[in-house]
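Peer 1: Okay, here's the structure, questions in a sec.
Only the coordinates and a few stated rules stand behind these numbers; no lab work does. None of these values were measured; they are calculated from a predicted model. Note that each Cβ is placed from the backbone with ideal geometry, even for glycine, and that neighbours are counted across all protein chains shown.
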Amino acid sequence: MASGVKPFDTIVIGAGIIGLAAACHLTRRGQRVLVLEKDFPGAGSSGRCIGGIRQQFSTEGSIRLMQESVRQFERMEEEFGFSVEYHTGGYLFLAHDRQRLEAFRSIMPLQKKLGLDVRLLSVDDILAIVPPLNAEGLFGGVYSPADGQAYPFKVLDGYCGEIRRQGSEIKMFTPVTAIVVERGKARGVRTAAGDTYEAEAVLNAAGPWAKEVAAMAEVEIPFYAEEHEALITTRLNRLFEPMIVDYRVDGCYFQQRANGQVIGCYTPNPNKPGIHTDASMEFLLEMSRRTVRLIPALAQARVIRHWGGCYEMTPDGSPIVDATAIKGFYVAIGMCGHGFMFGPAMGKFIAQIMLEGTYPYDWSEFKIGRDFSRLELMK
Ligand SMILES: Cc1cc2nc3c(=O)[nH]c(=O)nc-3n(C[C@H](O)[C@H](O)[C@H](O)COP(=O)(O)OP(=O)(O)OC[C@H]3O[C@@H](n4cnc5c(N)ncnc54)[C@H](O)[C@@H]3O)c2cc1C
């Protein structure tokens, strides 16, 4: 242990939304937590996301997870003492063919059973919600007004403040290089500076780097990172409210922030595996074409920033949040492009898994030893 340091109950590796939310909930439950971050909070995917928050998923596990996250986003302003710009403008998924519309329809009974306000829309209904939309080729869509957005940097800042206020620590620029395992039990970690920190439990919340951190404890996880890019425009007059999701092969998703900026991205096809954060000219041109095709008025918009980041992927499109075969070593990884919205609920539930050894509900969707062949339909 680094000299003079009081032992910690838990070490969290990674100060992205997942590590910070977990550290915050563990701290609130009386744990003394040390968060070790190789760069700074938000340096990974969490500072590179576009802030979308939705409950429209195709599985009970993810819907219930998001219902809990939304309850927490609703309370954040009060808890953190400042606004995280949480705003419910809705999510609108577009269907440009009948199969896609049928896929949306097939999920609705489950979504409604779990209490979501989700609506199947005709093209006219859609135009009533997004009047400037180019509806060429559109079949219909599905919409939930309760979905929305928040500002990632403010959410991260809120968690950092809360963790420190409650007596836990965040150490920046401290890469973890080894996990200390003795007789099948995690005992702590070693850092690049040569310090060893001891704790009863270690949580891998290393985002795109999760596979290499798991390997430090000789834990294998089915996981890969892939690159996604995003852009943001100057502030514009209000054009539309919801996040617009176009599922075509050359589709994209974008929303207008509360301050008028339009922010969005698309899923590259083919995917670009690996940890890259390049910002390509191809994306800039293609994203501009795709957004203007949907909202022609955006031809006037000016892009002010464009960046790359990672999605942390698993074979079935759902996270892996669980204990591992190494006692005291836990993983909360593979958020598959939804880690910002999943974060608050994951933080609460990982604290339950680590402290009580119980799951909040049927957790089969997120377990480490599950069958990975089922696919999340609303990726
Ligand atoms: C362009 C883009 C748009 C997105 N849009 C959305 C969206 O609208 N809504 C949504 O919910 N999600 C979105 N996401 C996904 C979301 O950003 C991620 O799923 C989420 O941020 C993952 O959080 P995390 O805490 O697991 O990982 P990260 O934020 O990457 O945090 C992991 C941290 O671990 C640190 N770390 C790694 N290795 C070590 C080590 N050895 N020692 C110490 N520290 C280490 C890293 O530096 C990093 O800070 C988007 C992602 C991208 C790239």
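Peer 1: Work out, step by step, the length gained on full extension between Arg248 and Phe173: first 0.36 nm times the residue separation, then minus their alpha carbon distance; give nm to one decimal.
Peer 2: 22.9 nm
Peer 1: Taking springs between alpha-carbon atoms closer than 10 angstrom, which of Val70, Val130, Val33 fluctuates most in the Gaussian network model of the chain?
Peer 2: Of Val70, Val130, Val33, the most mobile in the Gaussian network model is Val130.
Peer 1: Against the globular-protein guess of 2.2 N^0.38 Å, express the Cα radius of gyration of segment 263-379 as a ratio, rounded to two decimals. Before the final figure, lay out the partial values.
Peer 2: Numbers: Rg = 18.3 Å, N = 117, 2.2 N^0.38 = 13.4 Å.
It is 1.36.
Peer 1: Sticking with this structure for a sec: Going down the list Lys112/Lys367; Lys112/Lys154; Lys272/Lys327; Lys112/Lys327, which pairs span over 27 Å between their C-alpha atoms?
Peer 2: Lys112/Lys154; Lys272/Lys327; Lys112/Lys327
Peer 1: Roughly what % of Cα-Cα distances in the chain sit above 25 Å, to the whole percent? Could the numbers behind the result be given before it?
Peer 2: Values: 38557 of 71631 pairs.
When every Cα pair of the chain is considered, 54 percent fall beyond 25 Å.
Peer 1: Around Thr234, what is the net charge, scoring Lys/Arg as +1 and Asp/Glu as -1 over all other residues with Cβ under 11 Å from its Cβ?
Peer 2: So the surrounding residues net to +3.
Peer 1: Tally Lys/Arg at +1 and Asp/Glu at -1 over every other residue whose Cβ is under 11 Å from the Cβ of Pro208; what's the total?
Peer 2: With Lys, Arg at +1 and Asp, Glu at -1, the neighbours total -2.
Peer 1: Pull out the extension gain between Gln300 and Glu102, defined as 0.36 nm times the separation in residues minus the alpha carbon to alpha carbon distance; nm, one decimal. Walk me through the numbers before you get to the answer.
Peer 2: Details: separation 198, 0.36 × 198 = 71.28 nm, distance 3.48 nm.
Residue separation times 0.36 nm, minus the Cα-Cα distance, leaves 67.8 nm.
Peer 1: In angstroms, what radius of gyration and Dmax does segment 156-283 have, counting Cα atoms only?
Peer 2: Over segment 156-283's Cα set, Rg and Dmax evaluate to 20.2, 61 Å.
Peer 1: Packing-wise, with mean Cβ within 10 Å as the measure, how do 336-343, 104-111, 325-332, 262-269 rank, highest first?
Peer 2: Descending mean neighbour count gives 336-343, 325-332, 262-269, 104-111.
Peer 1: In degrees between 0 and 90, to the nearest 10, how far off the longest principal axis of the chain does helix 17-28 point, with axes built from Cα atoms?
Peer 2: 50
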